[in-house]
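The values are calculated or read from the model by the stated rules, or taken from the named source; none is laboratory data. Every value quoted in this text rests on a predicted model; they were computed, and no experiment measured them. As a convention, Cβ positions derive from the backbone with ideal geometry for all residues, glycine included, and neighbour counts pool all protein chains shown. The protein model used for the area step is the full one, side chains on, heavy atoms only, and it has no ligands, DNA or RNA in it. Shrake-Rupley method; radii C 1.70, N 1.55, O 1.52, S 1.80 Å.
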Amino acid sequence: MYRYDAYDHALVKARVAQFKGQTERFLAGKLTEDQFRPLRLKNGLYLQRHAPMLRIAVPYGMLSSAQLRVLGEIARDYDKDYGHFTTRQNLQLNWPALPKVPEILAKLASVEMHATQTSGNCIRNITTDQFAGVAPDEIEDPRPWAEILRQWSTFHPEFDYLPRKFKIAISGTTEDRAAIQVHDIGLQLLRNEAGELGFKVYVGGGLGRTALLGQVTVEFLPWQHILTYCEAVLRVYNRYGRRDNAYKARIKILVKALGAPAFAEQVAQEWAHLKDGPATLTEAEVARVAAHFTAPDYATLPAVDADFTRQQPEEKAFARWVERNVHAHRVTGYAAVTLSLKARGVAPGDATSAQMFAAADLADQFSLGELRVTHEQNFVLADVRQSELYALWQLAKQHGFATPTVGLLTDMIACPGGDFCSLANARSIPVALELQERFAELDYLHDIGELELNISGCMNSCGHHHLGAIGVLGVDKNGKEWYQVTIGGRQGNAARIGEVIGRSFAADEVVNAVSRLIETYLRLRHEDERFVDTVLRLGLDPFKAAAYPANPPAVPKETAHV
Amino acid sequence: MSKLRKHIIRDQSVVVATHHAELSLAEWLPQVGAGGTAADHPPAHLPAVVLAPEDDPQVLVDATGGNVNRLTLIAIDFPKFAEGRGFSTAYLLRQRYGYKGELRAVGDIGRDHLWQLHRVGFNAFDLREGTDLYDALQAYDDFPERYQTSNDEAQPLFRRRGAAHV
């Protein structure tokens, strides 16, 4: 993975010193709360319900075991012994003390980490596929490009006070696993007919209050131009994005207002001034960064390990784990493994310090000392030998990582919700925990099959509810928690925004409603048909009919509250 | 527009501000005449203008017959701490339109904006009331390096890496 050189070290160190000074001036009363807010947000620091929340960047989800150990130590020493991994592959701590934050940032810097630009109206952490570098369907490794974009966007002087936050995601595979169509800029690596590398560029995707898929502004952008083209997009956005209404300030609203062709034309005009200028990428720079992501020295292994083949029929639980949590690898004899953070009774994405230490040990023992954080809020060990899967499984079980449900209903995505987040309208975690209980029976869960269930506590959509085959959104009605349900969403190349099935459900009804949707699906599905495909085949009507009981309780009028 | 101050930072020093930009673009345009009749004014004596966040610097180019250097002071207002358009305006004035004169940031800006304002092309700063200007001078040294190009750095770090040590 990428290692800092003297420049990277010096820059991150300077940022820590800068924020230390800002914090000291704030605590001394020399900066007002209004003035300090954008500064602390750019360093990942929110003021939440109970305490500040610190969001630590995990650039494109890559962690070394040494880094994860330090994250575990920070959670232990400065927080309540656990952290929350997010849909943007970052780590959130919910209880750090403000005066200690500069110290935490210094500790992060010592292992080449930071909390820079994890919040605020600037360019955020670049995200990508958790199977980067090992996916069988990979066209090109997205990580060097993510790192090049990370450096370009870090402390960018012109784009630090944008109308709103700005998220970039990159996919390097034929099947998009990075949800690039719901990002402000989505980049798809591809090769043209001449075999040259470039990007298909989507702009203006996003979830939130107005969920939209990105529009293609360039079908093939040669790789040399990626930075100048992004600069052109950002300059157009910075100048013309709306600033009068925070809910209409994302670039998607600008793209929609202008229309994609007119927006693309405006970007093209700006880009004409920058194209082929000094910011044009060089082969030397791409080679320098890519050298950090070269394939490890893989052993020559048999395609099928005899012990592994024997172990599965002998132990049903192991076979089940292999079926759900073990993924294909492009190198013969190796596999990628998901360490699930979706154990029953635990908030999705939460990991204790002890688990972070344990995951770091597993990475050292089984996967070349590296691991990834996924946008589905799990860990991935990317380079595990097939012959070692059984041993890994046994250790994963001991540490609560072996829940064999990856891709199933209870592998749900959930934001921290109203338990922690001051933006939330409703709590997410109790709904997630209740769903885990309801669907705990593994045979039933496996029979339901692949199903993405995503929960957001408010319209900001951190839980990606629009992309869930079943999406649950917390809404506020007269101070009470209600939940709106969408169905038919999906991520990937054919990304789709889910549709609302009808009026919201009370907190004690929403899990029953999900159960009724599932029963309807089981009754109506064709063989091997996933939930989302049944919804697309039949439409919403049978699900609507089933979701609402005959005599609904009186529902108070919905009040806007975000 | 925010209150103008007696002392400003210009070219890395605290100085007394001898003149200010007080004409908005709408007030300034009639004074220089429409359609490039700015030629009526002797060179380098066009009155100073203060641009609002939404003002397009291209208007200055058109009004000066393509020579923005007939202005010697352009101010850009930041009415709010989080207003970001002026960063792009400054970059365009310097890099695209070749403006060489004083480019002054005014408004709700303080020490914490200075590094970035300087990078995109501002050389003068009328910082908000209560700012310790001598303390703010230290912000010129906030970072030892820059990853990206901007007005202060023609070459991105990746073209300079290895050429020197930090």
>> Please report the spacing between the Cα centers of the range A:184-219 and the range A:82-117 in Å, no decimals.
In response: 30
> Taking the alpha-carbon centroid of each part, what is the distance from the range A:387-409 to the range A:1-58 in angstrom?
Replying inline: 36
> Around A:A358, with a cut-off of 12 angstrom between Cβ atoms, what is the net charge of the other residues, counting Lys and Arg +1 and Asp and Glu -1?
Replying inline: 0
> What do the square roots of 5 times the Cα gyration tensor eigenvalues come to for the range A:306-398, in whole Å, largest first, as semi-axes of the equivalent ellipsoid?
Replying inline: 21, 15, 12
> Under a 5 Å amide H to amide H cut-off, with H placed in plane at 1.01 Å, what residues pair with A:A179 once short-range neighbours are removed?
Replying inline: A:G492
> When N is the residue count of the protein assembly as shown, what does its C-alpha Rg come to as a fraction of 2.2 N^0.38 Å?
Replying inline: 1.00
> If one takes the accessible area of chain A alone plus chain B alone and subtracts that of the pair, with a 1.4 Å probe, what total in Å², rounded to the nearest 100, results?
Replying inline: 3700
> Relative contact order (percent) for chain A, with alpha-carbon contacts under 8 angstrom and 6 or more residues of separation?
Replying inline: 12
> In terms of the Cα gyration tensor, with a ≥ b ≥ c the square roots of its eigenvalues, is the range A:413-547 rounded because a/c is under 1.5, prolate because a/b exceeds b/c, or oblate?
Replying inline: prolate
>> How high is the relative contact order of the range A:401-526? Use alpha-carbon pairs under 8 Å, at least six apart in sequence, and give a whole percent.
In response: 20
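Which value at 222 nm does chain A reach when only helices count, each DSSP H run of 4 or more adding -39,500 (n - 2.57), with the total divided by all residues and rounded to the nearest 500 deg cm²/dmol?
After summing the helix terms and dividing by residue count, I get -11000 deg cm²/dmol.
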>> Could you derive backbone 3J(HN,Hα) for the range A:243-254 from the dihedral phi with the Karplus parameters 6.51, -1.76 and 1.60 (θ = phi - 60°), listing whole Hz in sequence and x where the residue is Gly or Pro?
In response: 10, 8, 8, 4, 7, 10, 9, 5, 4, 4, 5, 5
> With a ≥ b ≥ c the root eigenvalues of the C-alpha gyration tensor of the range A:271-349, is it rounded (a/c under 1.5), prolate (a/b larger than b/c) or oblate?
Replying inline: oblate
> A:K200: which aspartates and glutamates have alpha carbons under 14 Å from its alpha carbon, excluding same-chain residues fewer than 8 sequence positions away?
Replying inline: A:E140, A:E175, A:D176, A:D184, A:E219
> Leaving out same-chain residues fewer than 8 places away, which lysines sit with a Cα under 26 Å from that of A:K544?
Replying inline: A:K477, A:K480, A:K557
>> For A:K342, what accessible surface area do you get with a 1.4 Å probe? Give it in Å², rounded to 10.
In response: 0
>> Can you tell me the length gained on complete extension of the stretch A:Q311 to A:A66, counting 0.36 nm per residue apart and subtracting the Cα distance?
In response: 85.0 nm
> For A:K80, which lysines qualify as cross-link partners when the Cα separation must be under 24 Å and same-chain residues fewer than eight apart are set aside?
Replying inline: A:K20, A:K42, A:K100, A:K107, A:K342, A:K397
> Across the range A:395-406, in residue order, what do the Karplus-derived ³J(HN,Hα) couplings come to in whole Hz, using 6.51 cos²θ - 1.76 cosθ + 1.60 with θ = phi - 60° and x for Gly and Pro?
Replying inline: 6, 4, 4, 4, 9, x, 9, 9, 4, x, 10, 4
> For the range B:7-160, what relative contact order do you get, as a whole percent, if you take Cα pairs closer than 8 Å and at least 6 residues apart?
Replying inline: 21
